[in-house]
Amino acid sequence: MTLQEIIDNSDHIVFFGGAGVSTESNIPDFRSADGLYNQKYKYPPEVILSHTFFMNETEEFFRFYRDRMLYPDAKPNAAHYALAKLEKKGKLKAVITQNIDGLHQAAGSNRVFELHGSVLRNYCMKCGRLHGVNAIQNSTGIPRCSCGGIIKPDVVLYGEPLDEYMMRMADAFVMASDVFIVGGTSLSVYPASRLIDQYMRNKLVVINKSPSPIDEQAALVINDDIGKIFEELKITVP
């Protein structure tokens, strides 16, 4: 069975994606050979992107964050647009993403569960005031609110808990889906394993450039660029 046939015969699809969904928008992933974790910095990226480092080395955190986590010129790619079309058509019920770039919403998706937050949202740690991405992008040193408080990105750092409401909603949508498409993720970090465990049907689709730990469970495995695969789909929207 092809991906086109699976989608054509389903009206309750859920998509779960990782960094590989946005690499075709020129946002680097984390664990591939040229990914973020394989580049050299004074500290390893997983250390810099931790709550402890943020609190203790705040200025160094923001130097890295501005340089490597913000991509203001990035645009949605074919995968983002195809998923938005599937939602508009009534087939796709939710996008669950580990990405923090906001590209799913930029492409037109409405029901998006951002498990790790978004670089587009930021808040003052002192007064709670909300700030856009420009508050960090256009600042130097430690970005501060007018009240003097530090402006923190609304992203989940290592050592910080995921939003429980967001996870419960993601679990519920996966459990209710008849088709679960997983794309652009190594499935090597939580909550990927938890979401896979919630899926109870037999139409798991995995789209990834390299083999994944759940390939044997899948009804269909495609090892290719996810944007290319989605671009080839025929999706007509009234």
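The values are calculated or read from the model by the stated rules, or taken from the named source; none is laboratory data. Only a predicted model underlies this, so the values are computations on that prediction, with no experimental measurement involved. All Cβ positions, glycine included, derive from the backbone under ideal geometry; neighbour counts span all protein chains shown. The protein model used for the area step is the full one, side chains on, heavy atoms only, and it has no ligands, DNA or RNA in it. Shrake-Rupley method; radii C 1.70, N 1.55, O 1.52, S 1.80 Å.
Observations, loosely collected:
- Accessible surface, per residue, of the chain when the full set of protein chains is kept, probe 1.4 Å, Å²: 49 Å²
- The figure for S146 is an accessible area of roughly 110 square angstrom, using a 1.4 Å probe on the protein chains alone.
- Based on Cα contacts under 8 Å between residues 6+ apart, the chain shows a relative contact order of 25 percent.
- Residues listed by number, the stretch 130-174, amide nitrogen under 11 Å from T58 label point at 7 Å toward C-beta: 142-145, 148-152
- Taking amide H as placed 1.01 Å from N in the peptide plane, the amide H of L92 sits under 5 Å from that of I13, E87, each at least 5 places away or on another chain.
- For the stretch 56-134, the equivalent ellipsoid derived from the alpha-carbon gyration tensor has semi-axes of 29, 14, 10 Å in decreasing order.
- Calculation over all alpha carbon pairs of the stretch 103-174 in 10 angstrom steps from 0 returns a P(r) of 18, 41, 31, 10, 0 percent.
- Under Karplus coefficients 6.51, -1.76 and 1.60, residue-wise ³J(HN,Hα) of the stretch 63-77 in Hz, glycine/proline x: 4, 5, 4, 5, 6, 10, 10, 10, 10, x, 8, 5, 10, x, 10
- Solvent-free Debye scattering, log10 I(q)/I(0), computed from the Cα coordinates of the stretch 114-238 at q = 0.14 Å⁻¹: -0.80
- Under a 5 Å amide H cut-off, with hydrogens placed 1.01 Å from N, R129 pairs with C124 among residues at least 5 apart or on other chains.
- In the stretch 134-238, the portion of solvent-accessible area held by carbon and sulfur atoms comes to 51 percent [1.4 Å probe, whole percent, DNA, RNA and ligands not counted].
- Taking label positions 7 Å along the Cα-Cβ direction at both Q137 and V189, the computed distance is 2.2 nm, reported to one decimal.
- Modelled spin-label separation between T236 and C127, with each label point placed 7 Å from Cα along the Cα-to-Cβ direction: 5.5 nm.
- Relative contact order of the stretch 142-238, pairs being alpha-carbon contacts under 8 Å that are 6 or more residues apart, as %: 19 percent
- Note on E160 and S146: the model spin-label points, each 7 Å out from Cα along the C-beta direction, lie 2.4 nm apart.
- Taken over the C-alpha atoms, the stretch 139-204 has Rg and Dmax values of 17.3, 53 angstrom.
- If both residues of a DSSP beta bridge must be in the chain, then about 30% of such bridges are antiparallel.
- FRET efficiency, D197 to H12 (Cβ-Cβ, R0 25 Å, nearest 0.05): 0.85
- Summarising the overall dimensions of the chain from its C-alpha atoms, the Rg and Dmax are 18.3, 58 angstrom.
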